[in-house]
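Engineer: A single structure is presented below for examination.
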Amino acid sequence: MQNAAGSGGWPGSCNLSACMPVPDRLAIRGDLLDFVATPALTDAAAEGGAAVRFLPDHWLLVEAGRIVGRQLQDPGDGWSREDHRGHLVLPGFVDTHVHMPQLDVIASHGADLLDWLEHYTFPAERRYADPEVSRAGAEVFADALLAHGTTAAVVFPTVHAVSAEAMAAAAHARGMRCITGKVLMDRHAPDGLRDADAVTADRELRAGIARWHGTGRQAQAVTVRFAPCSTPEQLALAGRLMAEVPDLYMQTHVAENRDEVRWVAELFPEARSYLDVYHRAGLLGPRAVLAHGIWLDDTDRALLAETGAQIAHSPTSNLFLGSGLMDWQALQAAGTAVSLASDVGGGTSLSMVRTMAAAYQVQALQGAKAGAWALLHAATRGAAQALQLGHEIGSFETGGVADVCVWDWAAGPVGVRRDALVRTLHERVFAWLTLADERHLVKTWVAGQVRHQRGATIVPREDLR
Ligand code: GUN
Ligand code: ZN
């Protein structure tokens, strides 16, 4: 198996045919829906408006793993044709914040963030010191993403370098776009879940970057768990790396829970705010992904916009852990990018469809009725753009990588009845995202390669591992 460690490409520059075997010419028929511009949060234009590209009963054309066109006519015998007429065809979802090891603690009862970390999450993550636990966990996790229609993700592994290695390897074997990197934490965590020392952490980060940053579709992120788990010295190390290595991502958590915010204020009295802790360390920029952002003020929101950092909104997690309601309208007004994220295992589902439905409810509780367009955009093109990957993923633009999913428009008596009665495209898509889940997923392609099919098990080829 060839990888870009030998070919030296940067993220997004992968020669797909060198990464995996793909059918030369693939045509997928169905109701194609993607975005060509950014809809406003409450835009509910009946037939989609200018931001939405809806092509009912069209063919999506894919050559060598990339999208080459969209057309009404049957492309003919020279194409491997997949007829999914009557189904919704979407770009693969982009989940901008999710924890690989936390499938093991999803749906754990009765705790707010800090208790939940101490009693469920940290004990579970300690197991990932074992390379075999990491390998098996990453494989299950990558397949689970694909079975939920997610083809690209920004992923927290654990503090153990082996877990980040396993995550990147599992994503690479499936040709998935994945941004990950070993988690930094050197305090306020139990034995077995802290970096040994700064020199070791630095060496492990650099090894991960050398191995995976720009290999195929993999990229690395400097992964700061959250300010309470890193000493100022470790945050400085993270900032130095961000300044030194081109195109690195940064991922962390910010302003999720009120007790957490108070704790950060005690630990970093010199900082103006929780967000400012990261800013002072040089961690904010256009490749920074910060989960939650619930307890921010206007100055924070302006700083996010100014630096180009994005908020990964994680509504099922925020509801489940009782963290609070993220104010999407205020972020939009400030010009901050907002993408959607599952945040499993604080989040209750890997499904970005369920995530969209929860995001609607979180905004409704604050008096804003998010449109289906903004919700779907934030899980596809909007997330891709916020990650500087709009040229590669998140839409059906010609030249992009063919990460594609086919969905049932409706299933079961309730969904079918509702779908039969919709009067506009917005009504139909909104009913779909409110009522559907991963069981509506028919098929997932990653770079033109089938990676999930309902009812079938698709095993990555041994030689791609
Ligand atoms: N803050 C620090 N770590 C975590 C985590 O694992 N999940 C969530 N939701 N918040 C965090
Ligand atoms: Zn998280």
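The values are calculated or read from the model by the stated rules, or taken from the named source; none is laboratory data. These figures come from a predicted structure and were not determined experimentally. Cβ sites come from the backbone with ideal geometry, for glycine too, and all protein chains shown count toward neighbours.
Engineer: Which numbered condition trips up PHE122, out of (1) within 16 Å of ligand 2 (Cβ to nearest atom); (2) aromatic (Phe, Trp, Tyr); (3) surrounded by 23 or more Cβ atoms within 10 Å (Cβ to Cβ)?
Structural biologist: Every listed condition holds for PHE122 apart from (3).
Engineer: Hey, can you tell me all the residues within the stretch 192-206 that are over 13 Å from PRO228 (Cα atoms), free of Cβ contacts under 8 Å to residues at least 60 places away in the same chain and surrounded by fewer than 20 Cβ atoms within 10 Å (Cβ to Cβ)? Break it down stepwise before answering.
Structural biologist: Step one: list which residues in the stretch 192-206 are over 13 Å from PRO228 (Cα atoms), which gives 192-193, 195-206.
In the following step, the residues that additionally are free of Cβ contacts under 8 Å to residues at least 60 places away in the same chain were identified as 195-206.
Within the stretch 192-206, ALA196, ASP197, ALA198, VAL199, THR200, ASP202, ARG203, ARG206 meet the criteria.
Engineer: Taking the stretch 49-64 as the region of interest, how many residues are touching a helix residue (DSSP H, G or I) at 6+ places or on another chain (Cβ under 9 Å), at pLDDT 95 or above and outside any strand (DSSP E or B)?
Structural biologist: Qualifying residue count, the stretch 49-64: 2.
Engineer: Being of a type in the set (A, V, I, L, M, F, W, C) and either crowded, with 24+ Cβ neighbours inside 10 Å or more than 12 Å from ligand 1 (Cβ to nearest atom) (or both) narrows it down to one of ALA142, ALA111, so name that one. I'd like the intermediate steps shown before the answer.
Structural biologist: On the way: ALA111 fails: either crowded, with 24+ Cβ neighbours inside 10 Å or more than 12 Å from ligand 1 (Cβ to nearest atom) (or both).
Going through ALA142, ALA111 in turn, just one is of a type in the set (A, V, I, L, M, F, W, C) and either crowded, with 24+ Cβ neighbours inside 10 Å or more than 12 Å from ligand 1 (Cβ to nearest atom) (or both): ALA142.
Engineer: Next question, about the same structure. Would you check which residues across the stretch 340-366 are buried (at least 24 other Cβ atoms within 10 Å of the Cβ), more than 16 Å from ligand 1 (Cβ to nearest atom) and assigned to a loop (DSSP other than H, G, I, E, B) and list them?
Structural biologist: Listed by number, the list holds a single entry, SER351.
Engineer: Which of the residues belonging to the stretch 162-191 are assigned to a helix (DSSP H, G or I) and surrounded by 24 or more Cβ atoms within 10 Å (Cβ to Cβ)? Write out each step before concluding.
Structural biologist: Of the residues in the stretch 162-191, the ones assigned to a helix (DSSP H, G or I) are 162-173.
Those that are assigned to a helix (DSSP H, G or I) and surrounded by 24 or more Cβ atoms within 10 Å (Cβ to Cβ): SER163, ALA164, ALA166, MET167, ALA168, ALA170, ALA171, HIS172.
Engineer: Let me ask another. Give me the pairs, please: first residue somewhere in the stretch 59-84 and farther than 10 Å from ARG29 by Cα, second residue anywhere and buried (at least 18 other Cβ atoms within 10 Å of the Cβ) and modelled with pLDDT under 95, beta-carbon distance under 7 Å, and either six or more positions apart or on two chains.
Structural biologist: Matching pairs, first to second residue: ALA64/LEU16; ALA64/VAL22; GLY65/LEU16; GLY65/VAL22; ARG66/LEU16.
Engineer: Does the stretch 296-307 contain any residue that is at pLDDT 95 or above, within 16 Å of ligand 2 (Cβ to nearest atom) and within 20 Å of the chain's Cα centre (by Cα)? Reasoning before the result, please.
Structural biologist: The initial filter retains those residues of the stretch 296-307 that are at pLDDT 95 or above, namely 296-307.
Narrowing the set further to residues that are within 16 Å of ligand 2 (Cβ to nearest atom) leaves none.
No, there is no match, as no residue in the stretch 296-307 is at pLDDT 95 or above, within 16 Å of ligand 2 (Cβ to nearest atom) and within 20 Å of the chain's Cα centre (by Cα).
Engineer: Quick check on THR434: is it buried (at least 24 other Cβ atoms within 10 Å of the Cβ), closer than 16 Å to HIS148 by Cα and of a type in the set (Ser, Thr, Tyr)?
Structural biologist: Details: buried (at least 24 other Cβ atoms within 10 Å of the Cβ): no; closer than 16 Å to HIS148 by Cα: yes; of a type in the set (Ser, Thr, Tyr): yes.
No.
Engineer: Check LYS443, LYS369 and return the single one that is of a type in the set (Lys, Arg) and in a loop (DSSP other than H, G, I, E, B). Steps first, please.
Structural biologist: Values: LYS443 fails: in a loop (DSSP other than H, G, I, E, B).
Just a single option satisfies the conditions, and that option is LYS369.
Engineer: Under 7 Å between Cβ atoms, which residue pairs at least 6 apart in sequence (or on different chains) link something in the stretch 107-123 that is over 19 Å from ILE294 (Cα atoms) with a partner that is part of a helix (DSSP H, G or I) and of a type in the set (A, V, I, L, M, F, W, C)?
Structural biologist: From residues that are over 19 Å from ILE294 (Cα atoms), the pairs are SER108/TRP116.
Engineer: Kindly check whether there is at least one residue in the stretch 246-260 that is in contact with a Lys or Arg (Cβ under 9 Å, 6 or more places away or on another chain) and more than 16 Å from ligand 2 (Cβ to nearest atom).
Structural biologist: So far as the stretch 246-260 goes, yes, one or more of its residues are in contact with a Lys or Arg (Cβ under 9 Å, 6 or more places away or on another chain) and more than 16 Å from ligand 2 (Cβ to nearest atom).
Engineer: Examine the stretch 252-268 for a residue that is over 17 Å from GLY293 (Cβ atoms) and aliphatic (A, V, I, L, M), and state whether such a residue exists.
Structural biologist: Looking for residues that are over 17 Å from GLY293 (Cβ atoms) and aliphatic (A, V, I, L, M), one finds at least one in the stretch 252-268, hence yes.
Engineer: Spot the failing condition for LEU117; the list is (1) assigned to a strand (DSSP E or B); (2) hydrophobic (A, V, I, L, M, F, W, C); (3) crowded, with 21+ Cβ neighbours inside 10 Å, and only one is missed.
Structural biologist: Every condition holds for LEU117 apart from (1).
Engineer: Another question about this same structure. If you go through the stretch 213-233 one residue at a time, how many are assigned to a strand (DSSP E or B) and either under 15 Å from LEU275 (Cα atoms) or within 16 Å of ligand 2 (Cβ to nearest atom) (or both)?
Structural biologist: Residues of the stretch 213-233 assigned to a strand (DSSP E or B): 218-224.
Filter again for either under 15 Å from LEU275 (Cα atoms) or within 16 Å of ligand 2 (Cβ to nearest atom) (or both), leaving 221-224.
Final tally of qualifying residues: 4.
Engineer: Please pick out the residue among GLY110, GLY86 that is closer than 30 Å to THR158 by Cα and either small (Gly, Ala, Ser) or at pLDDT below 95 (or both).
Structural biologist: Values: GLY86 fails: closer than 30 Å to THR158 by Cα.
It is GLY110.
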